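I have placed the structure first, in the form of C-alpha cells, so that the comments after it can refer back to it.
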Amino acid sequence: MSKPPRGNRAPLSEDRPAAPRKRPGAPPRTAETTRTAEAPRVAEAPKRRAAELPEAIPRRRSERPAAERARAEAAPRGAATGTVKLVLRAEGLALAVAALAGQIWLGGAWWSFVLAAVAPDLSMAGYALGRRAGSILYNAVHALPGPLLLGMLAVSARDPLMGSFALAWLLHIGVDQALGYGLKYASGFHDTHLGRIGADWTRQG
C-alpha cells in the first residue's frame, strides 16, 4: 500500500497540542513543583502592584483642607479637643464659681483673697531656668492637690485666713482652666493640655 502524502495530513497544532519536551534527567512535573515554581512570582506580585500605584496618598495629604491642617498644627500632641476640651473648660468655670461662693460664705478678708488669687502666676518665673523646669513648677502650682491640701489644713486648724488662701488658689486654677490656660508641656509655655495658647480653641475641636 502506498502511504498517504504528507501534505494531506492535518498539521500537528490542529490535531493536538505538542507535548512539552522534557530535559534529560529532569524530575517529573507535578502540582507541587508547579506551585513551588510559581511561588516567587506570587510573592513579588504585591510589590509590583505597590510600585505601580500612583502617588495618590501623598497628594491627598497635601490636599487636606487648610482648616484641618491648622487644627493639627495648633493642638499639641495629647491636648484635649472637641467636646472633651469644652467639658474641661466648663469644669474650670464651675470650680471658680464654687471657690468664689466659698469665700463669700467664709467672709474672710478680701485683700488676702485677691492677693492669693494672683500669687500662683509667680510660678512662671521658673521659665527663667528653662522650659522643662518652668513647666514642672507651673504645673505643681496649678494642680488641684496643693489647694485641696491647704484647705484640709485650714479646716483642721479652723483658720479662716488659710481657708481664704485655699479658696483663692482654687479660684485661680478654675479661671485659668475656663479660659483655656491648661497645664504646660515641656515643649513650650504656650503648649498646654487644653491646646495651644493663642489659637482659636473652637477650631482645635
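The values are calculated or read from the model by the stated rules, or taken from the named source; none is laboratory data. Note that the structure is a prediction, hence the values are computed from the model and not measured. When we count neighbours, we look across all protein chains shown, and the Cβ atoms used for this are built from the backbone with ideal geometry, even at glycine.
Would you say residue 129 is of a type outside the set (Ser, Thr, Tyr) and either farther than 18 Å from residue 80 by Cβ or surrounded by 14 or more Cβ atoms within 10 Å (Cβ to Cβ) (or both)? It is true that residue 129 is of a type outside the set (Ser, Thr, Tyr) and either farther than 18 Å from residue 80 by Cβ or surrounded by 14 or more Cβ atoms within 10 Å (Cβ to Cβ) (or both).
Condition check ((1) surrounded by fewer than 16 Cβ atoms within 10 Å (Cβ to Cβ); (2) at pLDDT 95 or above) across all residues:
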{"residue": "119", "(1), (2)": "yes, no"}
{"residue": "123", "(1), (2)": "no, no"}
{"residue": "134", "(1), (2)": "no, no"}
{"residue": "139", "(1), (2)": "no, no"}
{"residue": "144", "(1), (2)": "yes, no"}
{"residue": "152", "(1), (2)": "yes, yes"}
{"residue": "161", "(1), (2)": "yes, no"}
{"residue": "165", "(1), (2)": "no, no"}
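Considering only residues of the stretch 80-117 that are of a type in the set (Ser, Thr, Tyr) and in contact (Cβ under 8 Å) with a residue 60 or more places away in the chain, which is surrounded by the most Cβ atoms within 10 Å (Cβ to Cβ)?
81
Can you find a residue that is in contact with a helix residue (DSSP H, G or I) (Cβ under 6 Å, 6 or more places away or on another chain), under 24 Å from residue 81 (Cβ atoms), in contact (Cβ under 8 Å) with a residue 40 or more places away in the chain and not in a helix (DSSP H, G or I) anywhere in the stretch 165-174? Within the stretch 165-174, not a single residue is in contact with a helix residue (DSSP H, G or I) (Cβ under 6 Å, 6 or more places away or on another chain), under 24 Å from residue 81 (Cβ atoms), in contact (Cβ under 8 Å) with a residue 40 or more places away in the chain and not in a helix (DSSP H, G or I).
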